[in-house]
Amino acid sequence: MLCTKPPVCRPCAALATRYCPHLTDPVTVRVRKPRTWGVFGGFFTPTPNGGLAPRPDDCLPYGDPRAPWFPASQLVVELIRCTVA
């Protein structure tokens, strides 16, 4: 499972939900093996007239050769061995 909200420890979870607008109505998931996976952002592709055209937001793994055309806005973490708490 890919996630743009990084894992937090139990003591920090209440504080995180209070201050992060993206964490409204959170679901608690226990993760045994979180792994940094890549980034979230939007592709830009060159146009014939020399400009840049935006494309829909997407996730891009680290090491992808398309990275120069992908301004990142968030970290993506892969959550492995998860259980809903």
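Could you tell me which numbered condition residue 72 fails, if it satisfies all but one of (1) out of contact with any Ser or Thr (no Cβ under 8 Å at 6 or more places or on another chain); (2) surrounded by fewer than 14 Cβ atoms within 10 Å (Cβ to Cβ); (3) among the aliphatic types (A, V, I, L, M)? All conditions pass for residue 72, except number (2).
Of all residues in region 3-29, those satisfying the criterion of being in a helix (DSSP H, G or I) and in contact with a helix residue (DSSP H, G or I) (Cβ under 7 Å, 6 or more places away or on another chain) are 16, 17, 23. Within region 30-53, is even one residue part of a helix (DSSP H, G or I) and either among the aromatic types (Phe, Trp, Tyr) or over 16 Å from residue 2 (Cβ atoms) (or both)? No.
Look at residue 45 and say whether it is β-branched (Val, Ile, Thr), out of contact with any His (no Cβ under 8 Å at 6 or more places or on another chain) and over 23 Å from residue 22 (Cβ atoms). Yes; evaluated as a whole, the condition is true for this residue.
Cβ-Cβ distances below 8 Å connect the following pairs, each with a first residue in region 10-39 that is within 20 Å of residue 73 (Cβ to Cβ), a second residue that is of a type in the set (Gly, Ala, Ser) and exposed (fewer than 14 other Cβ atoms within 10 Å of the Cβ), and a separation of six or more residues or different chains: 39/73.
The number of residues in region 62-85 being among the acidic types (Asp, Glu) and modelled with pLDDT under 90 comes to 0.
Residue 42 meets the stated requirement of being modelled with pLDDT of 85 or more and surrounded by 14 or more Cβ atoms within 10 Å (Cβ to Cβ).
Okay, residues lined up against (1) touching a Ser or Thr at 6+ places or on another chain (Cβ under 9 Å); (2) touching a residue at least 12 places away in the same chain (Cβ under 8 Å); (3) hydrophobic (A, V, I, L, M, F, W, C):
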| residue | (1), (2), (3) |
| --- | --- |
| 41 | yes, yes, no |
| 56 | no, yes, no |
| 62 | yes, yes, no |
| 67 | no, no, yes |
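Between 35, 30, 10, the distinction of being basic (Lys, Arg) and modelled with pLDDT of 90 or more belongs to 35 only.
The values are calculated or read from the model by the stated rules, or taken from the named source; none is laboratory data. As the structure is a prediction and not an experimental result, all values here were calculated from the model. Here the Cβ is made from the backbone with ideal geometry for all residues, glycine too, and neighbour counts use every protein chain on show.
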